[in-house]
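These notes are about the structure you will find just below.
The values are calculated or read from the model by the stated rules, or taken from the named source; none is laboratory data. A quick note: this is a predicted structure, and the numbers were derived from the prediction, not measured. Using ideal geometry, Cβ is built from the backbone for each residue, glycine included, and neighbour counts are taken over all protein chains shown. Accessible surface areas use protein heavy atoms only, side chains included; no ligands, DNA or RNA. Shrake-Rupley method; radii C 1.70, N 1.55, O 1.52, S 1.80 Å.
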Amino acid sequence: MNRFAVAQVESPDQAVELMESKRFVSPVYKAGGLDLLDHLKEGLIEPGLLVDIRTLAGCADPIHQAEDGTLRISANATLADIARSPLMHEHAPVIAQAAHSAASPQIRNVATIAGNLLQRPRCWYYRQQQFDCLKKGGHQCFAPDGENKYHAVFGGGPCHMIHPSSLAPALSVCNAHIHVTGSGRESIPITELFHAPDQGLRSEHNLSPVEIITHITFDPVPHSAFCAVHEKQAFDWPLAMAAAALVIESGTIRSARICAGAVAPIPWPLPKVEDALRDLRIDDDGELDKACSLAADRGEPLSQNAYKLKLLPVAIRRAVQRAIARNAEAPQ
Amino acid sequence: MPDEHPDSSCDDQKRTDAAVGALSRRRFMQTVGLSSAAALADRARAAAVADDTGAPPILGPGAVDIALHVNGATVKVKAEPATTLLEVLRMHLGLTGSKEICGRGACGGCSVLVDGKLVYSCMMLAVDAISAKITTIEGLAEGDALDPIQESFIRHDALQCGYCTPGFVMASTALLGENPRPSLDEIKAGLSGNSCRCGSHSNIFNAVLDASGQAPIHDGEGA
Ligand SMILES: Cc1cc2nc3c(=O)[nH]c(=O)nc-3n(C[C@H](O)[C@H](O)[C@H](O)COP(=O)(O)OP(=O)(O)OC[C@H]3O[C@@H](n4cnc5c(N)ncnc54)[C@H](O)[C@@H]3O)c2cc1C
Ligand code: SF4
Ligand code: FES
Ligand code: FES
């Protein structure tokens with residue numbers, strides 16, 4: 001790690017001021033610091049200052065529900081807080097399950113939800129200093145001709161990273177809003193938080209370097225579920241992730257929100273699957289299977305990852321089934 | 001990092017925002033009863049002298065005083081902010097029970113408890129642990145009397161080379177603290193952030209079952 005200073009700020013103004021001051025070279029915000037430490041240890045970034053924003057993003061009750069039913073998670077709620085939250089289990093199981101499925105107890109105890117959304121790609125070429133790939137300002141992506149078993153099967157490049165966040169697809173099916181401070185705007189829908197590589201390579205998200213996520217809000221999605229497929233039984237980056245949120249009335253799916261993870265450079269919405277699920281009976285296994293199999297449509301696998309297009313429909317089907325089962329057991 | 005900013009705001013916008021920020025900050029600080037945030041802020045103040053301009057305290061980049069509560073004792077070290085908790089434990093305090101194996105949050109060899117929570121000390125800055133209560137493997141035994149979980153590891157031969165053992169013992173301690181009678185699946189989940197290259201897992205699971213008053217599994221079963 002390079003030498004750096006650490007500031008613990010109490011107000012957004014203080015944070016923004018430090019980020020903009022010329023006193024320190026390339027300052028960065030820090031929350032749990034897990035993704036940052038990984039970058040620092042590999043020498044991928046050399047900031048002169050880490051601005052710890054957990055002191056301002058916090059609140060006594062990191063997860064709560066407003067009187068109108070809106071759910072709110074503060075930016076510095078940890079994945080462990082979220083995985084344990086009775087509110088999330090009851091009103092947004094997809095969020096609780098996504099948080100629980102991520103990483104290990106040690107990481108979940110420290111990782112914040114904002115840091116989770118803004119973590120950088122896990123592409124092994126990106127994470128190793130000696131590969132000067134497109135994303136780091138170099139001239140080529142090493143994935144197409146290299147080891148691309150864990151890379152994207154959608155998106156078409158020019159960077160074939162997968163977005164690593166487990167919470168991002170889950171929050172996508174909740175139509176979550178990301179509340180920010182520091183720039184003038186107040187919130188953006190999660191669907192506008194990320195951009196594809198052809199819209200800019202050096203960052204995956206649309207926040208400015210001084211913008212701070214303060215909290216995230218969304219409406220309850222009681223009939224929702226998350227499913228991640230791993231190579232190992234535990235503590236492994238998912239090969240494919242599926243988030244599903246259903247509206248079910250009298251045994252029929254009235255509408256569905258489906259989003260995949262670990263298959264594209266952004267959380268990957270699946271509108272065709274959503275359309276196909278609409279108006280299906282929840283016990284019509286054949287039609288449900290067929291609808292979910294559309295998840296692989298228009299996939300563009302690289303040389304070593306076509307298997308992901310087989311896994312994905314299964315992950316989606318499992319998430320849908322889990323959301324349905326939840327419906328059956330949940331008293332209204 | 002030269003990111004693209006669709007919303008790179010104009011200066012007027014920023015000024016208005018600074019005003020809004022100041023207001024919401026006041027409201028913010030009123031509503032935030034904030035256990036963890038307050039603790040962090042206290043830590044910052046304890047460790048750094050803020051100047052009287054209202055600017056936030058800044059630690060480093062040179063060595064700063066770091067006071068830690070480790071295994072019941074308060075200790076003071078001088079280290080740069082770019083120092084991990086694991087480095088302070090091992091290099092400054094000589095507590096070499098916690099191991100650095102991967103150094104990247106992937107193996108669990110460096111697991112310690114910070115305010116009762118299991119963390120990877122290789123992935124935490126020492127300044128983030130200022131004022132927190134830290135328990136390392138050295139803090140489990142009372143004198144010569146080992147902790148029951150340590151006894152159970154020995155009884156079940158839950159180690160081979162032993163390098164991962166301090167981490168597994170700390171993870172087991174955290175697990176039993178939260179869940180005194182975990183099922184086998186819960187044990188596997190609770191210890192999933194730790195790896196044992198020698199493959200002692202089934203004996204480790206048995207050690208935890210036994211330490212929580214449950215019958216061990218037979219060899220090969222369920223592991
Ligand atoms: C071995 C391993 C396995 C893992 N497995 C998974 C997994 O399965 N699924 C998964 O989703 N993740 C996984 N992770 C990643 C982990 O969840 C993230 O590293 C973690 O969530 C980052 O959170 P943090 O609070 O530590 O972020 P930090 O490292 O503090 O910050 C990350 C980025 O976000 C920015 N940032 C943080 N908070 C804010 C804010 N409020 N406003 C603006 N910017 C902010 C920082 O500037 C930084 O750029 C794994 C990590 C490891 C090491
Ligand atoms: S996939 Fe993206 S991050 Fe990975 S080597 Fe290619 S350009 Fe770099
Ligand atoms: S040494 Fe810290 S997790 Fe491996
Ligand atoms: S006993 Fe050797 S690594 Fe676990």
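Placing unit charges on the Cβ atoms of the charged side chains and taking the dipole of the protein assembly as shown about its Cα centre, the candidate lying farthest along the positive direction among B:C110, A:I95, A:I316 is B:C110. The residues A:K30, A:K272, sorted by heavy-atom accessible surface at 1.4 Å with ligands and nucleic acids left out, run A:K272, A:K30 from largest to smallest. Relative contact order of the range B:140-223: 36 percent, from C-alpha pairs under 8 Å at least 6 residues apart in sequence.
Scoring B:100-108, B:141-149, A:252-260 by mean Cβ neighbours within 10 Å over their residues and listing the highest first yields A:252-260, B:100-108, B:141-149.
So which GluC sites (Glu not before Pro) in the range B:151-223 pass both tests, a DSSP loop state and at most 10 other Cβ atoms within 10 Å of the Cβ? Spell out each step's value before the answer.
Working: sites: B:E151, B:E178, B:E186, B:E221; in loops: B:E221.
Hits after loop and neighbour filter: B:E221.
Mind putting a number on the dipole of the protein assembly as shown about its Cα centre? Charges go on the C-beta only, +1 for Lys and Arg and -1 for Asp and Glu, and I need it in Debye to the nearest 20. Using Cβ point charges on Lys, Arg, Asp and Glu, the protein assembly as shown gives about 500 debye. Both radii were evaluated on the Cα set of chain A; the Rg over Rh quotient, with Rh as the Kirkwood radius, amounts to 0.97.
Order B:K99, A:K149, A:K290, most accessible first, counting only protein heavy atoms with a 1.4 angstrom probe.
The ordering from most to least exposed comes out as A:K290, A:K149, B:K99.
Taking amide hydrogens as placed 1.01 Å from N in the peptide plane, the amide H of B:K133 sits under 5 Å from those of B:D115, each at least 5 positions away in sequence or on another chain. When only the Cβ of Lys, Arg, Asp and Glu is charged (+1, +1, -1, -1), the dipole of the range A:1-62 relative to its Cα centre reaches about 240 debye.
The label-point distance for A:H230 and A:D279, in a model that sets each label 7 Å from Cα toward Cβ, rounds to 4.1 nm. Dipole orientation for the range B:140-223: of the candidates B:C164, B:L176, B:A141, B:C164 has the Cα lying most toward the positive pole (charges on Cβ; Lys, Arg +1; Asp, Glu -1).
How would you order A:234-241, A:273-280 from highest to lowest mean count of nearby Cβ atoms within 10 Å?
Working: A:234-241: 20.9, A:273-280: 19.4.
With the highest mean Cβ count within 10 Å placed first, the list reads A:234-241, A:273-280.
Rounded to the nearest 500, what is the 222 nm mean residue ellipticity of chain A from helices alone, with -39500 (n - 2.57) per DSSP H run of 4+ residues and division by all residues? Working shown, then result.
Values: 13 runs with 103 residues, N = 332.
My calculation for chain A gives -8500 deg cm²/dmol from helical runs alone.
Taken residue by residue and averaged, Cβ atoms of other chains lying within 10 Å of the Cβ of B:121-132 number 4. Amide H to amide H distances under 5 Å link A:I248 with A:R254, where only residues 5 or more positions off or on other chains count and H is placed in the peptide plane. Legend: mean number of C-beta atoms from other chains within 10 angstrom of residue C-beta atoms, peptide B:186-195, equals 4.
Summary value for chain A: 17 percent relative contact order, contacts being C-alpha pairs under 8 angstrom separated by 6+ residues. The dipole here belongs to the range B:59-136: it is taken about the Cα centre, uses +1 on the Cβ of Lys and Arg and -1 on the Cβ of Asp and Glu, and is about 160 debye. If you take the Cα centroid of the range B:166-223 and the Cα centroid of the range A:153-187, the two points sit 36 Å apart.
Each residue of the range B:107-123 was assigned a 3J(HN,Hα) from its phi angle through the Karplus expression (A = 6.51, B = -1.76, C = 1.60, θ = phi - 60°), giving 10, x, x, 9, 4, 9, 9, 10, 6, x, 9, 6, 9, 8, 6, 6, 10 Hz with x at Gly and Pro. Between A:S187 and A:A66, the contour length at 0.36 nm per residue exceeds the Cα-Cα span by 41.8 nm. Averaged over peptide A:105-115, the number of partner chain Cβ atoms lying within 10 Å of each residue's Cβ comes to 6.
Once neighbouring chains are kept in place and the probe is 1.4 Å, which whole percent of the accessible area of the protein assembly as shown is contributed by carbon and sulfur?
On the way: 12080 of 23660 Å².
Reported share for carbon and sulfur atoms: 51 percent.
In order along the range A:79-85, the phi-based Karplus estimate (6.51 cos²θ - 1.76 cosθ + 1.60, θ = phi - 60°) of 3J(HN,Hα) comes to 4, 5, 4, 6, 5, 8, 6 Hz; Gly and Pro are listed as x.
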